[in-house]
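The values are calculated or read from the model by the stated rules, or taken from the named source; none is laboratory data. Predicted, not measured: the structure shown is a model, and the values here were computed from it. Positions of Cβ are generated from backbone atoms using ideal geometry, with glycine treated the same way; all protein chains shown enter the neighbour counts. Accessible surface is based on the protein model in full, side chains and every heavy atom, while ligands, DNA and RNA are left aside. Shrake-Rupley method; radii C 1.70, N 1.55, O 1.52, S 1.80 Å.
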Amino acid sequence: MKPYRVLFIKPPDSDVNVLALDVPLGILYLSACLKKDLGQKVAVDFIDLRLEKTAPQPLTAKIKSFSPDLIGISLLAFNRLFIKRYISLIKELEPSAAIVIGGPGATYGYDEFLQQHPEIDAAVLWEGEASFPRLVKAFMSGGDIKTVSGIACREGDRVVLTEKADYIQNLDSLPFPDYDLIPFERYWGEEPQPQMNGVLADKKYTHIISSRGCPFNCIYCHKIFGQKLRSRSPENFVNEIRWLNQAYGVREFHIVDDNFNFDRERMHIILNMIIDNQLDIKMAFPNGLRADMLEPEDLDLLKKAGAYMVTFAVETASPRLQKIIRKNLNIDKVTENINYAASIGLIVKSFFMLGFPGETPEEIHQTINYAVKSKLDLAHFFTVTPFPGTALRQLAEETYPDWQDQALYHYWPDEPFYQQATGYNLNRMQKKAYLRFYGSPRMFKTFYKSPLKLKRLKKWALFAAQILWKKN
């Protein structure tokens, strides 16, 4: 009996201005769980359309050659355009295949996708490592998929939700991601591909995650992994690092937890295990280090264990807005840690968000001034996007009841939400923020900071050009 064939698709994100080509960690976890549960009963393949220059031809060739029984599409919020353009083609190429969507875009947009695109059979919501294999089994057996928890599907003309699946409590029970599914070399390339961290000390890198969930309540977050922190054991996490280093030659690890340092004792155990095992690796934190929960000794230990870059998501320098967005950062403590991290040679990056509902122009200037005067090496200034399904979206609609949603589903819209709602030229202010920050004379010192150096200047110049050519 031939195996049941499952094809994963990672859509291109060429419909947004800034691309990231990181290893698709979520899909690799799903593949590993499928193979663990179903063994030889399933065959898995994958196409990452971000690696292709055009979507239709490689996608068509892959579907024709693999002849999948089920197609799983991983969606972010801005992948709506891909579904609109290609879902009919996918169904036409393999009419008998079930089509399932997953990821954050599916979790918060399932009703829209299932109502507007009859080609889609189901959406996997929230965490998929347990629900997706059960759904595949249901399709294999011809059973009723509505018995599978954690999905959305149709019942006649209605979209229905099944019972919500529990979050996976024992993360050590999950297999390591199925890295055999991808050609690492295509992600690394001769020249480093654009990726979330923005900087590489070694091009042989991957994302890795040690915990899920975040106990904080920031209003812009989708909370896909919930608010209860669930952690892998330090032994399990460090064993994966060692395995990736030895089996695949990975030398740089980007830790993408929502909040890696929330459990300070656990963080110290992990870092000391890396040091004690003499793992010669580099680490960066493009996502989750809570900046006001760090002490100088934490930063010293991070550097000793191989960290060369930390990211502190400040978002806003306004204490008033910190309360409104429920992040409640202690800005003075953040400043202390930026200064200390810079003093010990770490590259320090921050994210800022401009144009929160109710934000004043003075508060926008306050945030930009904070960034410019800081000792940050790198900064990103995003315009606020009130994604559906977030408390931020609700606040935006309450603050500006006459605002008409213009389908803002990514961080680089031609006209930001705040600009639509207030008429204030936020695009111009965003450009000024980048010009002031990266036009500072001290930035020349930043670009000599290892591993940035001037060889990275071309990349950052191209990024700046994208911002400066953006519409007013």
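Just a few scattered comments:
- For the chain, Kirkwood radius (reciprocal of mean inverse C-alpha pair distance, Å): 23.5
- Residue-by-residue Karplus 3J(HN,Hα) for the stretch 54-67, coefficients 6.51, -1.76, 1.60, Hz, glycine and proline x: 9, 7, x, 5, x, 5, 4, 4, 5, 5, 5, 6, 8, 6
- Three-way shape call for the stretch 251-344 based on the alpha-carbon gyration tensor, with the a/c threshold at 1.5: prolate
- Residues whose amide H lies under 5 Å from that of A313, counting only those 5 or more places away or on a different chain, are L289, A291, F351; hydrogens are built 1.01 Å from N in the peptide plane.
- In the assembled protein chains, R264 presents an accessible area of approximately 90 Å² (probe radius 1.4 Å).
- When both bridge partners sit in the chain, DSSP labels roughly 20% of those beta bridges antiparallel.
- Residues in the stretch 304-346 that a label on N369 would reach, taking backbone N under 15 Å of a point 7 Å out along Cα→Cβ: 317-320
- For D258, nonlocal amide neighbours, meaning residues 5 or more places apart or on other chains whose placed amide H falls under 5 Å from its own, are G213.
- Over the C-alpha trace of the stretch 108-267, radius of gyration and Dmax come out as 18.7, 53 angstrom.
- Between 0 and 90°, nearest 10: helix 131-141 axis offset from the chain longest Cα axis: 20
- Percent of C-alpha pairs per 5 Å bin in the stretch 1-160, short distances first: 2, 9, 19, 24, 23, 15, 6, 2, 0, 0.
- E252, E92, ranked by accessible area, largest first (probe 1.4 Å): E92, E252
- Contact order relative to length of the chain, as percent, for alpha carbon pairs under 8 angstrom and 6 or more apart: 11
- In degrees, nearest ten, helix 104-116 long axis to first principal axis of the chain (Cα): 50
- Database remark: amide H of I73 closer than 5 angstrom to the amide H of I9, V100, I101, G102 (H placed geometrically; neighbours at sequence offset of 5 or more, or on other chains; Pro and chain starts carry no H).
- Based on protein heavy atoms only, the chain ends up with 43 Å² per residue of surface accessible to a 1.4 Å probe.
- With every protein chain in place and a 1.4 angstrom probe, the accessible-area ranking of E398, E119, E240, largest first, reads E398, E119, E240.
- Alpha-carbon radius of gyration plus Dmax, which is the widest Cα pair, for the stretch 298-376 in Å: 13.5, 43
- Relative contact order (%) - the stretch 212-286, alpha-carbon pairs under 8 angstrom, separation at least six: 32
- Cα gyration tensor category, rounded, prolate or oblate, for the stretch 171-243 with a/c compared to 1.5: oblate
- Carbon plus sulfur fraction of accessible area for the stretch 190-293, probe 1.4 Å, in percent: 46
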